Amino acid sequence: SHGYFTHDPGFTATSSCTSAITYIDGDEGLLYYRGYPIEELAYQSDYMEVSYLLIHGELPTAEQKRAFETSIRHHTLLHDQMENVFRGFRRSAHPMAVMIGVTGAMSAFYHKGLDNFDPQHREIVAHRLIAKIPTVAAWAYKFNEGQPFVYPQNRLSYAENFMHMMFSSPCEPYEPNPVLARALDRIFILHADHEQNASTSTVRLAGSSGANPYACIASGMASLWGPLHGGANEAVLKMLEEIDDVSKIPGFIKRAKDKSDPFRLMGFGHRIYKNMDPRAAIIRQTCYEVLDELGLRDDPQFKIALELERIALEDDYFIAKKLYPNVDFYSGIIFRAMGLPTSMFTAIFALARTAGWVAQWHEMLSDPAHKIGRPRQLYTGSARREFVPLDQRG
Ligand code: SDX
């Protein structure tokens, strides 16, 4: 358009990539991991199996699952000196700030097995990250609470171990509730991967230069923290607290439709889904299970969420814009019912998404066809012009 920079109509930014891991059909509301529908994995599989599936492309045999789980269990501890990294933060630091810092610091503790182009090295890095991130997340919580770090117990399942590290204390016995652990494991599955979302694209782009994998995963956590991405589950709870009563819902719906008002309905809408996010329906069902288990079915915020969803789904604006509840709409209610502070919601999303991040990083480095191209741009700046010395400027 400037004469210099005519844009070839065929020019497209090379920011897309190929991947064989996750398939999404936004119009039909479909989500498949390696071809398996999310509904079947959520109700019939577990997070360990799904992590193996995302990385290796097939569901594990019994022996492969046993070996995978054994490897994960034997990487749950952090290097003892990493406690000092936690202690370098203010007690009030947001858990995501701590997770990003500690995960990035892993690149200073693990020097062996970092040849990103060696598949065996990549596999150990993947196991180490899937194993350690729950410990990092739980310790970030304990650090906030001013409680002692709780070490992982390898006899427990993955979700039970996380609950143990979160809620155990040296003062009294604690056994994870199996119903809640199963619900948490299902939520991990639902958050495990989601194609080329902002945080996964960040990991892939960072990893495409061959950068240290721990630093790459830390960059994905940074992107996920945004309130329009993984930070939305925390924002949903704050929104429900602000609504406070079902009678105020119409006012918030009105604000969400008002272009002059920056307010958006948190937990609604999606860049790809123009139908119900299949994960939202499963999380709503899981919400019922958790609240029933805890005798909290009359949870006021759950009631507000159900009524908000009902009204929005009948509203012409939301119907026209194809805005439906997404994965973040109900998850925060479950986490709060489990006793987790809102500051930990995105940390749990990051914990669960680690399997997808490492699987996508592993795939991207395994095959040049899957490498993310160096993204280009459509230039919209000034045409070429001569430099103006300072004493001649206005
Ligand atoms: C996640 O990419 C992924 O896969 C992400 C994720 C994953 O698993 O990794 O699925 C996780 O990030 C889920 C999304 C969580 N974010 C939120 O819930 C925050 C609230 N939602 C939005 O801010 C919004 O919906 C986005 C950012 C998610 C998508 O924004 P887009 O791309 O603008 O959505 P769109 O193009 O479909 O919007 C269509 C219209 C726009 O209005 P117009 O410009 O056409 O006038 O709908 C409006 C938007 O302004 N709109 C909303 C809205 N979301 C979109 N209006 C009110 N409330 C909303 N939530």
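The values are calculated or read from the model by the stated rules, or taken from the named source; none is laboratory data. Computed from a predicted structure; not experimentally measured. Counting neighbours? That spans all protein chains shown, and the Cβs are built from the backbone with ideal geometry, glycine included.
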Checked region 259-287 for anything within 10 Å of the ligand (Cβ to nearest atom) and over 20 Å from residue 320 (Cα atoms); matches are 279
For region 325-353, which residues satisfy the criterion of being within 15 Å of the ligand (Cβ to nearest atom), over 19 Å from residue 144 (Cα atoms) and aliphatic (A, V, I, L, M)?
327, 333, 352
Within region 224-269, the count of residues that are surrounded by 13 or more Cβ atoms within 10 Å (Cβ to Cβ) and either of a type in the set (A, V, I, L, M) or touching a Gly at 6+ places or on another chain (Cβ under 7 Å) (or both) comes to 17
Filter region 305-324 down to the residues that are touching a residue at least 40 places away in the same chain (Cβ under 8 Å) and either in contact with a Pro (Cβ under 8 Å, 6 or more places away or on another chain) or within 16 Å of the ligand (Cβ to nearest atom) (or both) and list them by number.
305, 308, 311, 312, 315, 317, 318, 321, 322, 323, 324
Condition check: more than 12 Å from the ligand (Cβ to nearest atom) and in contact with a strand residue (DSSP E or B) (Cβ under 6 Å, 6 or more places away or on another chain). Does residue 293 satisfy that?
no
Six or more apart or on different chains, Cβ under 7 Å: which pairs go from a residue in region 84-95 that's within 14 Å of residue 137 (Cα to Cα) and surrounded by 10 or more Cβ atoms within 10 Å (Cβ to Cβ) to one that's modelled with pLDDT under 95 and not hydrophobic (A, V, I, L, M, F, W, C)? Could you list them?
94/343; 95/343
What pairs can you find where one residue is in region 166-178 and closer than 13 Å to residue 152 by Cβ and free of Cβ contacts under 8 Å to residues at least 24 places away in the same chain, the other is part of a loop (DSSP other than H, G, I, E, B) and of a type outside the set (Asp, Glu), and their Cβ atoms are less than 8 Å apart, with a gap of 6+ or different chains?
168/150; 168/174; 176/156
Residues of region 343-394 being modelled with pLDDT of 90 or more and β-branched (Val, Ile, Thr), which ones?
346, 348, 354, 358, 380, 388
Does at least one position in region 230-243 carry a residue that is assigned to a helix (DSSP H, G or I), farther than 30 Å from residue 127 by Cα, near the ligand (Cβ under 8 Å from one of its atoms) and of a type in the set (Val, Ile, Thr)?
yes
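Here's a check for you: in region 219-229, which residue that is farther than 21 Å from residue 17 by Cα and not aromatic (Phe, Trp, Tyr) is farthest from the ligand (Cβ to nearest atom)?
Step one: list which residues in region 219-229 are farther than 21 Å from residue 17 by Cα, which gives 222, 225-228.
Next cut, not aromatic (Phe, Trp, Tyr) only: 222, 226-228.
Values: 222: 14, 226: 8, 227: 7, 228: 4 Å.
Checking each candidate, the answer is 222.
Which of the residues belonging to region 267-311 are among the acidic types (Asp, Glu) and in contact with a His (Cβ under 9 Å, 6 or more places away or on another chain)? Can you show your working first?
Looking only at region 267-311, we keep the residues that are among the acidic types (Asp, Glu), and these are 277, 289, 292-293, 298-299, 307, 309.
Result: 277, single match.
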Return yes when residue 363 is among the charged types (D, E, K, R) and either more than 30 Å from residue 211 (Cα to Cα) or within 15 Å of the chain's Cα centre (by Cα) (or both) and no when it is not.
no
Residues located in region 109-144, provided they are modelled with pLDDT of 95 or more and basic (Lys, Arg)
128, 132, 142
Would you check which residues across region 350-394 are within 14 Å of residue 205 (Cβ to Cβ) and among the hydrophobic types (A, V, I, L, M, F, W, C) and list them?
357, 361, 364, 365, 372
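Determine whether region 149-161 contains at least one residue that is touching a strand residue (DSSP E or B) at 6+ places or on another chain (Cβ under 9 Å), over 30 Å from residue 39 (Cα atoms) and away from the ligand (no atom under 16 Å from the Cβ). Walk me through how you get there before you give the answer.
Kept after step one, since they are touching a strand residue (DSSP E or B) at 6+ places or on another chain (Cβ under 9 Å), are these residues of region 149-161: 150.
If we keep only those that are over 30 Å from residue 39 (Cα atoms) too, we end up with 150.
Within this subset, residues satisfying the condition of being away from the ligand (no atom under 16 Å from the Cβ) are 150.
The answer is yes, given that some residue of region 149-161 is touching a strand residue (DSSP E or B) at 6+ places or on another chain (Cβ under 9 Å), over 30 Å from residue 39 (Cα atoms) and away from the ligand (no atom under 16 Å from the Cβ).
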Just the residues that are surrounded by fewer than 24 Cβ atoms within 10 Å (Cβ to Cβ), in contact (Cβ under 8 Å) with a residue 40 or more places away in the chain, of a type in the set (Ser, Thr, Tyr) and part of a helix (DSSP H, G or I), please, taken from region 190-218.
201, 214
Give the residue, chosen from 140, 159, that is touching a residue at least 40 places away in the same chain (Cβ under 8 Å), part of a helix (DSSP H, G or I), more than 18 Å from residue 72 (Cβ to Cβ) and under 23 Å from the mean Cα position of the chain (by Cα).
140
Under the condition of being touching a His at 6+ places or on another chain (Cβ under 7 Å) and in contact (Cβ under 8 Å) with a residue 24 or more places away in the chain, which residue from region 96-114 is surrounded by the most Cβ atoms within 10 Å (Cβ to Cβ)?
114
